[in-house]
Amino acid sequence: MQYKVVPPPPDSLDDLETARRAVPLVPRSETDCCARVMDRAGVPARDEAKEWLTFMRALGLVDEAERGYHRTRESLDPDRLARAFRERVYGADDLLSVLAPDEPVSLEEAFERFVDSVPDWERQRHADWRTVWRERVGRLLDWAVLFGLAGRDEGGYVRRRADREGGP
């Protein structure tokens with residue numbers, strides 16, 4: 001299963017760990033977990049906190065049980081996170097495939113190379129789907145940088161780890 005939700009990336013993996021630790025080990029309601037993520041990780045709104053819960057589920061850091069959300073015991077190992085990101089976040093792997101290790105690509109160029117991966121039903125869902133997906137592509141690229149899959153410089157984004165078969 002792949003998850004489509006992509007919150008704005010934090011400044012560091014430490015900030016991701018702070019959000020993860022806000023979710024208790026014992027299942028609690030979505031409302032309670034969202035309040036904890038907002039309070040402890042500085043997420044400004046409940047909708048954004050819910051995005052964080054969903055995204056952390058995609059990374060295997062949070063799970064949902066019958067009684068609510070709970071933190072898993074998975075580590076913040078960058079290789080494991082990168083692999084989960086590529087495999088479980090919709091569009092991540094496709095977007096990384098449009099980057100090259102030696103040719104920086106701007107956000108706009110990356111979006112134009114990726115645009116064919118946007119499903120038709122998503123195009124119909126939003127009045128201005130290009131704006132919605134351009135923002136999502138930017139977030140995906142910034143998460144890829146955080147996980148070490150991409151790099152960023154004044155020329156744009158480049159792929160860092162291109163091994164698709166043997167690892168992240």
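The values are calculated or read from the model by the stated rules, or taken from the named source; none is laboratory data. These numbers were taken from a predicted model, which means no experiment stands behind them. For neighbour counting, all protein chains shown are included, and Cβ atoms are generated from backbone atoms with ideal geometry for every residue, glycine included. For the accessible areas, the whole protein counts, side chains as well, though only heavy atoms, and no ligand, DNA or RNA atoms are used. Shrake-Rupley method; radii C 1.70, N 1.55, O 1.52, S 1.80 Å.
Some observations on this one:
- Size of electric dipole in the stretch 40-168: Cβ of Lys, Arg +1 and of Asp, Glu -1, about Cα centre, debye, nearest 20: 540 debye
- Whole-number percent relative contact order across the chain, with pairs defined as alpha carbons under 8 Å at least 6 apart: 24 percent
- Accessible surface for the chain, divided over its residues, is 51 Å² per residue with a 1.4 Å probe.
- Per-residue Karplus couplings for the stretch 66-78, computed as 6.51 cos²θ - 1.76 cosθ + 1.60 with θ equal to phi - 60°, are listed in order as 4, 8, x, 8, 8, 6, 8, 9, 5, 7, 8, 4, x Hz, Gly and Pro entered as x.
- These residues, MET38, MET56, MET1, go from largest to smallest accessible area, 1.4 Å probe, as MET1, MET38, MET56.
- The stretch 135-161 and the stretch 1-19 have Cα centres separated by 14 Å.
- In degrees, nearest ten, helix 13-22 long axis to first principal axis of the chain (Cα): 30 degrees
- Heavy-atom accessible surface of the chain: percent carbon and sulfur, 1.4 Å: 44 percent
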